[in-house]
1. So, of the residues in region 157-179 that are out of contact with any helix residue (DSSP H, G or I) (no Cβ under 6 Å at 6 or more places or on another chain) and assigned to a strand (DSSP E or B), which turns out to be surrounded by the most Cβ atoms within 10 Å (Cβ to Cβ)?
2. Exactly one of these conditions fails for residue 80: (1) within 27 Å of residue 15 (Cα to Cα); (2) surrounded by fewer than 22 Cβ atoms within 10 Å (Cβ to Cβ). Give me its number.
3. Which residue pairs have Cβ atoms closer than 6 Å, lie 6 or more positions apart in sequence or on different chains, and pair a first residue in region 13-29 that is at positive phi with a second residue that is crowded, with 20+ Cβ neighbours inside 10 Å?
4. Can you find a residue in region 72-80 that is over 14 Å from the mean Cα position of the chain (by Cα), over 26 Å from residue 162 (Cα atoms) and modelled with pLDDT of 95 or more?
5. Of all the residues that make up region 74-87, how many are closer than 20 Å to residue 2 by Cβ and in contact with a helix residue (DSSP H, G or I) (Cβ under 9 Å, 6 or more places away or on another chain)?
6. Give the residues of region 145-156 that are part of a helix (DSSP H, G or I) and free of Cβ contacts under 8 Å to residues at least 40 places away in the same chain, sorted by residue number.
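The values are calculated or read from the model by the stated rules, or taken from the named source; none is laboratory data. What you are looking at is a predicted structure, and each value in this text was computed from that prediction instead of being measured. With ideal geometry, Cβ positions are generated from the backbone for all residues, glycine too; neighbour counts draw on all protein chains shown.
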């Protein structure tokens, strides 16, 4: 299972993700997010992660991620754009035609981290589906028993008082890997 940890803000957090066995990291360049990193920090994170772990630049529009396209492995946006679908992860909260993108991230919370469950129609897309939205160590195993996606995206579920928390990141990936065994 592909597991992405999103909203990383520094090199130390990337090292944690690598050490713990995450498959990808997400860098948020959407200015309206509390996980936003500026241009310099985003470039530093993407340069550091290159060749070590897959990177995803995250925002609402293509305009926001365009400056980083050559520096990342994937870009994740809510706009449907007619360009390179091998790098395009489309973020959605509703069903539609998904043939134009490499992967889809279903997050009915739109980044707020509120768990609402997952509709059954998502199973049609499980070969390209990444689920997100309110996942944490308490609900991820049950969720994986109900829906079998290509991957999982976690952010607020591994945050403590001071942002990303190594212990929560560790427990989450352990639960995911354990859930895969069943």
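1. Among those residues, the one meeting the criterion is 159.
2. Tallying (1) within 27 Å of residue 15 (Cα to Cα); (2) surrounded by fewer than 22 Cβ atoms within 10 Å (Cβ to Cβ), residue 80 fails exactly one: (1).
3. 21/173
4. No; the residues of region 72-80 include none that is over 14 Å from the mean Cα position of the chain (by Cα), over 26 Å from residue 162 (Cα atoms) and modelled with pLDDT of 95 or more.
5. Qualifying residue count for the region: 3.
6. Of everything in region 145-156, those that are part of a helix (DSSP H, G or I) and free of Cβ contacts under 8 Å to residues at least 40 places away in the same chain turn out to be 145, 146.
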